1. Checking the conditions here, which among R45, R28, R75 is farther than 16 Å from N4 by Cα, out of contact with any Lys or Arg (no Cβ under 6 Å at 6 or more places or on another chain) and free of Cβ contacts under 8 Å to residues at least 12 places away in the same chain?
2. Residue by residue through segment 39-56, note down the ones that are closer than 19 Å to E67 by Cβ and surrounded by 12 or more Cβ atoms within 10 Å (Cβ to Cβ).
Amino acid sequence: MRENFWAYMATNKTHTTLYTGVTNDLERRMWEHKHQTNPKSFTARYSINLLVWCEHFPTATDAIAAEKRIKGLSRAKKEAMIQTQNPRWKDLSEDWYD
């Protein structure tokens, strides 16, 4: 049975702030970002609610390792990762909710 873990990067509408996270339910996690379910969180303070990059992993350990690696990258390297998967920085989760 394949597990469901994701490392992801999200940003705000001006792309000035990047957030790197890990989750076992990417759809739910992005809903939480979009609805600011924790109003005092970093993502709520900076209006980070656009999913711009994600990668699926078979285990939580793999996803957490990817998150840590990404967090250690420069802004330029993170932007290059996003550009490779999503050159227009489109919100990959924009069609997930009604």
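None of the figures in this text is laboratory data; all of them are computed from the coordinates on show. Computed from a predicted model, the values in this text were never measured in an experiment. Neighbour counts run over all protein chains shown; Cβ positions are idealised from the backbone, glycine included.
1. After ruling out the rest, the residue left standing is R45.
2. Passing the criteria: S41, T43, Y46, I48, N49, L50, L51, V52, W53, C54, E55, H56.
For every residue, the table says whether it meets (1) out of contact with any strand residue (DSSP E or B) (no Cβ under 6 Å at 6 or more places or on another chain); (2) in a helix (DSSP H, G or I).
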| site | (1), (2) |
| --- | --- |
| T14 | yes, no |
| W53 | no, no |
| I70 | no, yes |
| K78 | no, yes |
| I82 | no, yes |
| L92 | no, no |
